[in-house]
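Heads up: the structure comes next, in structure tokens.
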Amino acid sequence: MRSRLNRRTFLRASGIAMGLPLLGSMGPTRLLAKDNADESGDVRRMLAICAPLGIHTPNLFPEKSGRDFELSPYLKPMQPVRDKITVVSGIMHPNVDGGHAAEKSFLTGAAHPGQPSFQNTISVDQLAAEQIGYKTRFGSLTLAVDNNSLSYTRSGVQIPAENRPSKLFARLFLEGTPQEKAEQMRRIEDGQSIMDLVQDQTKKVTRQVGREDNQTLDQYFTSVRELEQRLVQAEAWAKHPKPEVDRKQPEDITDRGNLTERLRLMYEMIYLAIQTDSTRLITLIGPGGNEVVALDGVEDGWHNLSHHGRDPGKIEMLSIIELEEMRLLAELLQKLDSAQEGNHSLLDQTAILFGSNLGNASSHNNTNLPILSAGGHFRHGQHLAFEDGKAPPLCNLLVNYLQHLGVETDEFSSATGTLTGLQTV
């Protein structure tokens, strides 16, 4: 009679413990997407940006849907790249509520983030990193202008974000000391030795399970072997010189009121990371506190202005700030569009999501989210307006992005497929 494995069964060797996957003899199983790198050589990337204090949607959403729409006040800076953006209105994450707490679920779609018992799930960038992250020096970059983070591991643990451009630049482009390089190699070699230690125990485990579980274990051990290959890749990257860029290490801007230069500097670091193919997966949570932003006409704190209560004066000041956000985003999009990579521009190769977890920041509402999709191999130049109550989940758009990256899946969190109306080219 076959013995039943406990969910806490581990492979153990020399003090190292590696948990087994969930098997049929333990409970339900879940399939993972396969790595499907584009054989044509196209380099596919994703950049996701969240504006934590929302975007005033009456200034963002065009009045007409479809392709024959007039640019709204916030979209006017996008005129040079109009054909490479799609505005999406009426969309949301089902069951994601909690006001500002919904920020946790912006890239995960996990339900009810405001509840005390909330447990997050993996973010879309980290799911993609599991498949393609080994192809670049950095599997992903998790960034913030102020604080917080959009990225979560498979176990729902938040990944700390880098919010200092000077440190990010050093990671990307400055060579470490010989001692630092030696320490990095030691960590990589330790990871490889762990893989070696558990391999000898796999035969014993496979004799204790049935045919279906053996198939699951085969998939699991295949992933272990793939991880070994990624460690070898990491070792190669550690020995490979970092790219050189025509820029000095920047100085961090400590004045929180200086929105323009702080956000522009982080966008410049993102551009350099993309241009040098240092990573293909980037998340950024933008600025947004109660500082008085140093822009003409703004005299109140940003957070206070986001809770405008329909006060025309507050909305006017808020619009000055948000228009600057959109102008700086447009600068980044144009810069990416002007840089060629093979037969495509960097913008064509990079699927960009810009939006917020707040549809109406004034009331902490999490429906009708402001969403802008740009770049990537998509047919843009449109306003996709979905009816209230009939909109697909925002995770459908994230499935589009996963497929753009070469991840073969039509599932992610609450997704029901891809986003209707966003076609690939």
Inset, instruction - Please work out if Asn396 is within 20 Å of His112 (Cα to Cα) and either in a helix (DSSP H, G or I) or of a type in the set (Val, Ile, Thr) (or both). - result: yes
Inset, instruction - Starting from region 106-122, keep only residues that are in contact (Cβ under 8 Å) with a residue 60 or more places away in the chain and assigned by TED's automatic domain parsing to the domain that holds Val399, then list their pairs with residues that are surrounded by fewer than 18 Cβ atoms within 10 Å (Cβ to Cβ) and among the small types (Gly, Ala, Ser) whose Cβ atoms are within a distance under 9 Å, requiring at least 6 positions of separation or different chains. - result: Thr108/Gly156; Ala110/Gly156; Thr121/Ser155; Thr121/Gly156
Legend entry - Given (1) under 15 Å from Asn163 (Cβ atoms); (2) touching a strand residue (DSSP E or B) at 6+ places or on another chain (Cβ under 9 Å), index of the condition Arg280 fails: (1)
Inset, instruction - Check Thr142, Thr121 and return the single one that is modelled with pLDDT of 95 or more and in a loop (DSSP other than H, G, I, E, B). - result: Thr121
Inset, instruction - Determine, yes or no, whether Ser166 is under 20 Å from Leu263 (Cβ atoms), modelled with pLDDT of 95 or more and surrounded by fewer than 17 Cβ atoms within 10 Å (Cβ to Cβ). - result: yes
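Residues are listed down the side, and each one gets a yes or a no for (1) in contact with a His (Cβ under 8 Å, 6 or more places away or on another chain); (2) of a type outside the set (D, E, K, R); (3) surrounded by 23 or more Cβ atoms within 10 Å (Cβ to Cβ):
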position	(1), (2), (3)
Met266	no, yes, yes
Arg280	no, no, yes
Thr283	no, yes, yes
Gly289	yes, yes, no
Leu305	no, yes, yes
Legend entry - Single unsatisfied condition, Gln340 versus (1) among the polar types (S, T, N, Q); (2) out of contact with any helix residue (DSSP H, G or I) (no Cβ under 9 Å at 6 or more places or on another chain); (3) modelled with pLDDT under 95: (2)
Inset, instruction - Residues that are of a type in the set (Gly, Ala, Ser) and either under 20 Å from the mean Cα position of the chain (by Cα) or more than 22 Å from Asp255 (Cα to Cα) (or both): find the strands (runs of 3 or more DSSP E) completely inside region 279-382 holding 2 or more of those. - result: 350-355, 371-374
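The values are calculated or read from the model by the stated rules, or taken from the named source; none is laboratory data. Computed from a predicted model, the values in this text were never measured in an experiment. Note that we place each Cβ from the backbone using ideal geometry, even for glycine, and neighbour counts take in every protein chain shown.
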